[in-house]
1. In region B:34-55, how many are out of contact with any Pro (no Cβ under 9 Å at 6 or more places or on another chain) and either open to solvent by 20 Å² or more (accessible area, probe 1.4 Å) or within 30 Å of residue B:234 (Cα to Cα) (or both)?
2. Out of A:158, A:134, I need the residue that is part of a loop (DSSP other than H, G, I, E, B), within 15 Å of the chain's Cα centre (by Cα) and more than 8 Å from every other protein chain (Cβ to nearest Cβ). Which one?
3. Could you tell me whether any residue of region A:255-271 is part of a loop (DSSP other than H, G, I, E, B) and farther than 30 Å from residue B:135 by Cβ?
4. Cβ-Cβ distance below 8 Å, separation of 6 or more or different chains: which pairs start in region A:214-235 with a residue that is under 24 Å from residue A:157 (Cβ atoms) and end on one that is open to solvent by 40 Å² or more (accessible area, probe 1.4 Å) and in a helix (DSSP H, G or I)?
5. Among the residues of region A:245-254 satisfying the criterion of being free of Cβ contacts under 8 Å to residues at least 60 places away in the same chain and not in a loop (DSSP other than H, G, I, E, B), which is farthest from the other protein chains (Cβ to nearest Cβ)?
6. On the basis of being part of a helix (DSSP H, G or I) and facing chain A (nearest Cβ under 10 Å), does residue B:41 make the cut?
7. Applying the selection to region B:186-222, what residues are open to solvent by 10 Å² or more (accessible area, probe 1.4 Å), in contact with a helix residue (DSSP H, G or I) (Cβ under 8 Å, 6 or more places away or on another chain) and not hydrophobic (A, V, I, L, M, F, W, C)?
8. Step by step: first the residues of region B:64-84, then only those that are under 13 Å from residue B:234 (Cβ atoms) and of a type in the set (Val, Ile, Thr), then the one that is farthest from the other protein chains (Cβ to nearest Cβ). Which residue is that?
Amino acid sequence: MRLNRRGFFKVVGAAGVAVAGTGQNAGAWHSKAPKDPYGCLVDLTRCIGCRKCEEACNRVNRLPPPELPFDDPTVLDTRRRPTDKAYTVVNRYYTGKLDERSKLVPTFVKIQCMHCQDPACVSACIVGALTKKENGAVHYDVGKCIGCRYCMVACPFEIPAYEYYDPITPRVMKCTFCYERISKQGGLPGCAEICPVEALTFGKRSTLLEVARKRIKQDPARYLDHIYGEKELGGTSWMYISGEPFESVGFRPLPAEPIPRLTETIQHSLFSYLWSPALLFALLGGLMWSTHKKQNTSEKGGES
Amino acid sequence: MDAQACPVNQRFWTPGVVVLAFLMAAGAVAIVARFVGGIGYVSNLSNARPWGIWVGIDVASGVALAAGGFTTGFLAHIAGRHYYEPIVRPALLTAMLGYTFVVLGLIIDIGRSWAIWKPMIFHNTNSVLFEVAMCVMFYLNVLYLEFAPIVVERYKGRVRLPGLLAIFNGPAEALLSLADAVLPKIMWILIIAGVVLSCMHQSSLGSLMLIAPTKIHPLWYTPILPLLFLTSAIAVGYPMVVFETTIITSSLKRDGEMHILASLTRITIFLLGFYMVLKVGDMVVRGTYVYLLDGTAQTNSFLVELILGVIVPWVMLLCPAVRRSRRALFIACTMIVGGVLLNRINVFIVGFTSRLSDGSYFPSVSEILVTVGLISGLMFIYRVLVTYLPVLSGAHQEVSS
């Protein structure tokens, strides 16, 4: 069992709850984001919709074969979401942009787990099966999972998928950021390794932000001045730059506030060291004692 | 005044009980299907919609409507109002069975039912759900221990197990004697712990959905949602007691505890009024009243919850004529119970939207059968237990007092 540095309580005894806390003042919330994580930059102006990333993802993660082959162009006619059989999908959007021959220009958008810096799913997970690793990956440990699906409720990007048709041992399925591969020296995620047009750039998040800023600065006509994922929800490991407004290609505007802040602040300010339950217990005990004392005296008074 | 509780001595297989048994059987079939084909085989849940009525009704509403247990326990045993003693045992039984079925509902809903013990080993103290789970686990045990003296009272020195089971007569007797020796000494701890644990997880159930600010409709998403959940649970405790006592006394043709119920609802005026002020005040402070007339299903559901579930019954309870009339009191309390039920459904289901993927959801027939089956099972076991155990107060209580 790992000690949570911000204090944790431990349940002792069968009848009651006692306190064994370590840590600091829980009143002020602070981010638990890793300092120097890896990330991935998606350049939507470069993506050609070849779906090689989907194919590589399927292969390196040993996912089941798709219904339609990866080179079937009709797949792009429907808007898809990641599923328990596909960690990443590419969708096509027509935003109304025209080329020089007045033909609509498509924008392709790859979606997968964003690997948030302060992930809501990690905060929500009842058993800590989901963790944010130092290298940036949001990692799922099936050995702890009980299948409550609270992570899916929490995820603002609606990414985790569930094996709903497995009656006994279903798993939460989502992009792993190829955790094992990127843990090795020089390892790349399957999708970033295969991308033929360098629409996916893997590297340290801080470096990627510089790369993104440089591209935007060098070609301001090509890009919007917005790196999606730099500030959204306190930052994500996967980030996007685009020539089309993000709202028109399936992204939602999101606040800069990390999602876990509110619930964690409520939980820790109320329940650190179990001070409020202990106080309530003492108050009720006092009330009970005084009412019983009063009733006993009045009964005795009545008898004599 | 001590109300004498005694077992119910009446024909068991009434038409109502037969219907319950039938619904239980239908639910059992759906539950078997869930454990054969998976959650997806029986439910309309999806990746965009991971929680449905099994969480919204079986778990969240189940916990809220079992609040009668700790609120009456507080009144009679901590505040020392022994006048209310006759309703403590039925409310305790409802709470005990309610929480038992909350856990059964969870076992069906979670994907890896066999792993339900894991939160005891793997802790995430950042998780609201972890705290809720720990509280529910401890409180369920507290409820069993609080109920144990009723079993002791009935069977101590009288254990006669049938047939081969007779070899367990000795151990069962020893267990009852042990309970009889220990429980009275620690009962005060259990009663207070029950109230404390209830306040903790009733409020935290409201914090649960605060992890999804982008998905919950602003009419319900408020930082004071935990406070609203706690105050509504406390407010619904006594109306729930009135609701079930009226049903039980009229179906078993017993005397209703009308004088007790009427004074319970006088307390409810304050408790429900407090919840109402918080709920309306929250709406005004956050300015969410701008949504009220937009005509969407979510807004309409909110209006029904607030007007028919809170404001109208509160006004009704203000009238002494309503509190004196058994029928009117029952209607008002049913509306309050329905209002809290609808609130939990609204927060967990109606108010939940997924903008990126198709998250439309309506429960499947099998999902509904599981929920209905569980509720029927609860009522059936309630009927069985009041037949064998002294839970309901004696038939002539009202006459003699």
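The values are calculated or read from the model by the stated rules, or taken from the named source; none is laboratory data. Fair warning: this is a prediction, and the values are worked out from it, not measured in the lab. No Cβ is skipped: glycine too gets one built from the backbone with ideal geometry, and neighbour counts run over all protein chains shown. All accessible areas refer to the heavy atoms of the entire protein, side chains included, with ligands and DNA or RNA removed. Shrake-Rupley method; radii C 1.70, N 1.55, O 1.52, S 1.80 Å.
1. 4
2. Details: A:158 fails: more than 8 Å from every other protein chain (Cβ to nearest Cβ).
Among A:158, A:134, only A:134 is part of a loop (DSSP other than H, G, I, E, B), within 15 Å of the chain's Cα centre (by Cα) and more than 8 Å from every other protein chain (Cβ to nearest Cβ).
3. At the first step, the residues of region A:255-271 found to be part of a loop (DSSP other than H, G, I, E, B) are A:255-259.
Checking the rest, the ones that are also farther than 30 Å from residue B:135 by Cβ come to A:255-256.
Taking every residue of region A:255-271 in turn, at least one turns out to be part of a loop (DSSP other than H, G, I, E, B) and farther than 30 Å from residue B:135 by Cβ.
4. Going by the 8 Å Cβ cut-off, the qualifying pairs are A:227/A:213.
5. The selected residue is A:246.
6. Values: part of a helix (DSSP H, G or I): yes; facing chain A (nearest Cβ under 10 Å): yes.
Answer is yes for this residue.
7. B:203, B:213, B:217, B:218, B:221
8. This residue is B:72.
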